[in-house]
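Structure, as structure tokens:
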Amino acid sequence: MRSAKVAEDGRRAFTVGDVMHTRVVLTSPDSPMSEAAAEMVRERVGSALVMQGPFLAGILTERDVLRAAGSGTDLTAVQVSAWMTKDPQSAGPETALEDAAQMMLLNGFRHLPIMEGRKVVGVVSLRDLFAARISRRPQKGGAAP
């Protein structure tokens with residue numbers, strides 16, 4: 001059973017497990033950048049998790065693809081490993097939304113792999129965290145006017 005912090009008003013605090021996407025794009029380090037980018041476009045996501053067998057080896061984001069394209073690199077010839085972020089930071093599904101947002105903002109990335117132990121269970125983006133925050137606006141104390 002998953003546990004989460006309880007907000008001061010007695011409601012359960014939201015976690016990244018509540019908002020993460022479980023359908024993720026997976027690629028390998030030796031895949032061509034063009035194939036990984038095409039899959040990201042097809043699935044309408046901003047990142048692909050780079051797997052070395054069952055293990056998370058890195059993450060490739062839309063920013064990485066844009067930097068590679070802007071450098072003049074032939075995306076059909078260069079491998080994902082040349083542009084991916086190796087050993088990305090990750091969080092567990094029980095991580096509070098605010099903690100995940102702080103980690104992402106302080107470190108300058110927009111996609112966070114979600115792991116249970118060594119197994120990838122999803123991805124959360126800053127957009128997901130922002131959307132969750134907007135959809136659960138803070139309640140003011142007391143009765144409505």
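The values are calculated or read from the model by the stated rules, or taken from the named source; none is laboratory data. Since the structure is predicted, the reported quantities are computational estimates derived from the model, not experimental observations. Please note: Cβ atoms are built from the backbone with ideal geometry, for glycine as well, and neighbour counts cover all protein chains shown. What goes into the accessible areas is simple: the full protein's heavy atoms, side chains included, and nothing from ligands, DNA or RNA. Shrake-Rupley method; radii C 1.70, N 1.55, O 1.52, S 1.80 Å.
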With the other protein chains left in place, how much accessible area per residue, in square angstrom, belongs to the stretch 14-145 at a 1.4 angstrom probe?
59
Calculate the spin-label point distance for ARG127 paired with ALA77, positioning each point 7 Å from the Cα along the beta-carbon direction, and give it in nanometres.
3.2
Rounded percent of accessible protein surface that carbon and sulfur make up, the stretch 19-88, 1.4 Å probe:
53
Go ahead and run the numbers for FRET between GLU94 and ALA69, Cβ-Cβ distance against an R0 of 30 Å, rounding to 0.05.
0.20
Once fully extended, how much extra length lies between GLU62 and ASP87, figured as 0.36 nm per residue of separation less the alpha-carbon to alpha-carbon distance?
7.3 nm
q = 0.10, 0.17, 0.23 Å⁻¹, the stretch 30-145: log10 I(q)/I(0) [Debye, one scatterer per Cα]
-0.36, -0.87, -1.33
